[in-house]
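Report on one structure; see the data block that follows.
The values are calculated or read from the model by the stated rules, or taken from the named source; none is laboratory data. Nothing here was measured: the structure is a model prediction, and the numbers come from that model. In this analysis, Cβ positions are derived from the backbone assuming ideal geometry, glycine residues included, and neighbour counts consider all displayed protein chains. Surface areas here come from the heavy atoms of the whole protein model, side chains and all, with no ligands, DNA or RNA. Shrake-Rupley method; radii C 1.70, N 1.55, O 1.52, S 1.80 Å.
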Amino acid sequence: YYVGYAGDISEDVSYDVGYIYYDYPGTTDTEFDNSTARDDFQEIYASLSFGDLTVGFAYSDDYWLESGEFQYYYADYSFSLPAEFSLDLHYGYNSFDVASDDGDSDAERSYVSDGEDSYSDWSITLGKTVAGLDLAVSWVETDLDDDSYYDAGDLADGTVLFSVSKSM
């Protein structure tokens with residue numbers, strides 16, 4: 001569930017602020033690190049756009065799987081290319097105040113890996129609108145290694161994504 005508000009400060013500067021609640025109906029608490037943790041969590045976010053550049057952040061007081069405080073800082077830049085193509089660049093920095101079952105922020109309770117408290121993500125996207133459809137191909141990656149993402153192996157590897165969307 002989310003609620004937000006966006007607007008223009010000037011012709012070249014805009015903002016977006018809001019609240020998101022990530023609810024997983026029908027799920028029970030997840031078994032994690034020999035304990036149980038809630039899947040649901042909430043966060044607030046805000047961003048400022050200056051022309052083609054957007055900078056923003058998100059904050060959660062108790063992130064997914066009760067892993068403690070979480071901050072996400074990011075920057076996006078969009079280029080217009082010839083033939084009506086676009087090139088979008090994204091960089092994000094994820095920071096965790098890792099919490100344990102007893103609330104000890106120095107303990108190892110992050111779903112990212114044992115003791116990891118931050119990582120970066122980035123993407124490069126080439127897009128074009130064709131016949132009213134937005135087509136895109138992206139390269140998405142993090143600086144996590146294969147062993148650092150919740151025992152999920154290659155989920156931390158870079159990957160190519162294709163997308164087709166239509167805005168109304």
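Of note:
- Test for G158: is it open to solvent by 30 Å² or more (accessible area, probe 1.4 Å) and either at pLDDT below 85 or within 30 Å of D39 (Cα to Cα) (or both): no
- Qualifying residue in the stretch 20-29 (condition: closer than 24 Å to Y5 by Cα, among the β-branched types (V, I, T) and modelled with pLDDT of 90 or more): yes
- Any chance S78 is part of a strand (DSSP E or B), of a type in the set (S, T, N, Q) and either under 28 Å from A46 (Cβ atoms) or at pLDDT below 95 (or both): yes
- Of all residues in the stretch 75-92, those that are surrounded by 15 or more Cβ atoms within 10 Å (Cβ to Cβ) and within 11 Å of the chain's Cα centre (by Cα) total 2.
- Checklist (1) more than 22 Å from Y45 (Cβ to Cβ); (2) open to solvent by less than 50 Å² (accessible area, probe 1.4 Å); (3) under 17 Å from the mean Cα position of the chain (by Cα); (4) at pLDDT below 60 applied to Y111, failing item: (1)
- Contacts under 6 angstrom Cβ, first residue in the stretch 72-83 being touching a residue at least 12 places away in the same chain (Cβ under 8 Å) and under 21 Å from D16 (Cα atoms), partner surrounded by 10 or more Cβ atoms within 10 Å (Cβ to Cβ) and of a type in the set (A, V, I, L, M, F, W, C), 6 or more apart: Y72/A58; Y73/F57; A75/V55; Y77/L53; Y77/L89; F79/L87
- Candidates are the residues of the stretch 54-74 that are open to solvent by 40 Å² or more (accessible area, probe 1.4 Å) and at pLDDT 95 or above; the one that is nearest to V13 (Cα to Cα) is V55.
- Any hit, the stretch 115-127, residues being assigned to a loop (DSSP other than H, G, I, E, B), at pLDDT below 95 and surrounded by fewer than 14 Cβ atoms within 10 Å (Cβ to Cβ): yes
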